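The values are calculated or read from the model by the stated rules, or taken from the named source; none is laboratory data. Here the structure is a predicted model, which means the values were calculated and not measured. Using ideal geometry, Cβ is built from the backbone for each residue, glycine included, and neighbour counts are taken over all protein chains shown.
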Amino acid sequence: MPYYVCRSALLHAGHKISRSHACAGSLKTTASYAYIHDIFRSWVKTHPVKMEKVAENSPTRHLLGKEAKYVEFCAPIPHGC
């Protein structure tokens, strides 16, 4: 997921966000883990994962098996992005 998409969803929901100096490419935010998981679930709706390649007992399958609550992205999400 591109940085701007995640940033857009977090800012639109009213969370604070900044880049972390500790790990390149990581973010610091006031958002809960549940909200961050919902961002990824929303992303997967437009950028599907091949679930047949995900193990049955995988945390990925467990997280994606739940329905995302409402997440709004300010920036449009290009399908080819």
task = Can you run down the residue pairs with Cβ atoms below 7 Å, 6 or more apart or on separate chains, where the first is in the stretch 48-72 and modelled with pLDDT under 85 and the partner is among the hydroxyl-bearing types (Ser, Thr, Tyr)?
result = 68/42; 71/42
In the stretch 1-42, the residues that are part of a loop (DSSP other than H, G, I, E, B), modelled with pLDDT of 90 or more and surrounded by fewer than 18 Cβ atoms within 10 Å (Cβ to Cβ) = 14, 15, 16, 30, 32
